[in-house]
1. Would you grab the residues whose amide H sits under 5 Å from the one on G81? Only those 5+ places off in sequence or on another chain, please, with H modelled 1.01 Å from N.
2. Checking the a/c ratio against 1.5 first, then a/b against b/c, what shape does the Cα gyration tensor give for segment 267-385?
3. Relative to the Cα centre, what is the charge dipole magnitude of segment 324-416, using +1 at the beta carbon of each Lys and Arg, -1 at the beta carbon of each Asp and Glu, and rounding to the nearest 20 debye?
4. Can you list residues whose amide H is under 5 Å from D384's amide H, if they're 5+ apart or on another chain and H is modeled 1.01 Å from N?
5. Going by Cα centres, segment 373-433 and segment 100-123 are how many Å apart?
6. Determine the distance separating the Cα centre of segment 226-268 from the Cα centre of segment 336-356; give it in Å without decimals.
Amino acid sequence: MIFTKNKIGLLLLLVTIGFSFQSCVKDRCDATRTFIQWIPIYKTVDEIRQNIQVDGPRELKNPGKIYYYNDYLMVNEVREGIHIIDNSDPKNPNTVAFIEIPGNVDMAVKNNILYADNYIDLLAIDITNPVSPTLISRTEDVFNSLSLHQDLGHLVYYEETETTMEIDCNDPRWGGGSWFFQGNNVLIDSAFDNNSPTFESGSGSGSNPPVGIAGSMASFALVDCFLYVIDNAQVDVFNVENNTQPQLANTFTVEWGIETLFPYQDKLFIGAEAGMFIFDNTNPAAPVYLSEFRHARACDPVYVKDDYAYVTLRGGTFCQGFENQLDVVDISNLEDPFLVETYPMDNPHGLSIKNDELYLCDGASGLKVYNIENVNAISENQLDHVSNFDAYDAINIPNKDVVMVIGKDGFYQFDNSDPNQLIQISLIPVTRN
């Protein structure tokens with residue numbers, strides 16, 4: 001194309017006007033965005049070490065981890081304490097007490113002693129009489145806070161708040177897509193879900209087991225006379241032979257993003273955002289690294305049975321992953337685990353196994369039951385799907401045909417004598433303000 005002198009002049013004029021117009025509207029170039037904002041919460045030592053109060057039954061509002069011990073269920077009320085529920089009759093669960101424990105997110109029980117985190121401290125609570133628990137010891141300064149501020153105290157967690165704000169087009173956050181950044185506070189794009197980032201597995205048998213049973217989301221685990229607790233990037237090992245006076249015996253580092261613990265036989269399986277770690281636990285005081293199975297970044301609890309580990313990966317969380325799937329990992333050679341099969345899910349969380357039945361909590365999609373005799377055809381062998389509630393974690397009660405499930409909607413129990421047709425037998429609902 002040939003430009004005449006007049007045409008070139010006209011073109012320059014239009015370009016000049018365009019830049020001028022852009023300059024005029026620059027101040028109006030913005031977008032409204034909604035975010036999950038994570039606000040840093042600080043606590044002083046005096047605020048942390050308040051007297052532990054025991055109250056009567058309290059309504060469920062924000063349930064988290066679960067733990068089963070001797071016909072009682074402990075349900076964590078996130079960062080507030082622990083509900084104690086008499087579950088001797090699963091059709092009529094009865095909440096008998098609430099223990100106020102600031103900062104609590106997990107627990108474990110051995111010989112009637114309940115171990116619970118209280119921000120930076122470890123508490124030992126006698127629950128011989130579950131209606132009237134008694135604090136018997138406090139082990140101070142054993143857990144790391146996120147940071148320590150000279151005036152404000154310990155940074156103990158980030159509180160999520162939905163925030164709507166206008167962002168100028170020159171702000172790097174203006175563009176589309178999900179993003180993450182940290183400054184005076186942390187913001188996460190609304191593309192992520194609003195599950196709090198929470199930073200469960202033992203076994204027992206008989207009518208009065210010395211050790212309880214945790215869900216697969218546990219960050220506490222008991223093996224023999226040792227209590228394991230995830231503490232940021234490391235695992236703290238406490239000697240609880242004198243169960244009223246836990247002593248820190250060992251600490252070993254894994255990596256940032258470790259989330260869950262699952263002891264199985266003489267091995268310890270650790271679920272992390274980036275994979276599953278396997279430790280030889282022949283000497284419970286000093287677990288030894290064996291191997292790891294890496295996967296895409298996602299939150300992942302682990303459940304182990306025989307030669308296979310079942311790992312759920314979920315996206316849309318603080319872990320920043322996008323996978324929603326069940327991975328089956330062959331662990332017959334513990335030093336060389338490998339992926340057998342992957343099955344798509346909606347938003348999988350905790351899981352539990354009874355015989356050859358896998359109970360998988362699939363978030364807002366509810367509870368799914370699969371036959372896992374053939375690990376290469378799990379998706380073709382779905383037995384049941386209860387889809388009218390939110391499911392976070394599950395525990396199968398030993399010697400009973402009952403599976404317990406906790407989620408955003410409350411505490412559910414199902415008769416699973418026929419895994420092809422679960423029957424709801426009780427519910428303690430969450431009360432919303």
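Please treat every number below as a calculation from the coordinates, not as lab data. Treat the numbers as computed from the prediction; the structure is a model and nothing was measured. Here the Cβ is made from the backbone with ideal geometry for all residues, glycine too, and neighbour counts use every protein chain on show.
1. I101, N104
2. Oblate, since a/c reaches 1.5 and b/c is not below a/b.
3. Values: 4 positive and 17 negative charges, 71 e Å.
That gives a dipole near 340 debye.
4. V369
5. 26
6. One Cα centre to the other: 24 Å.
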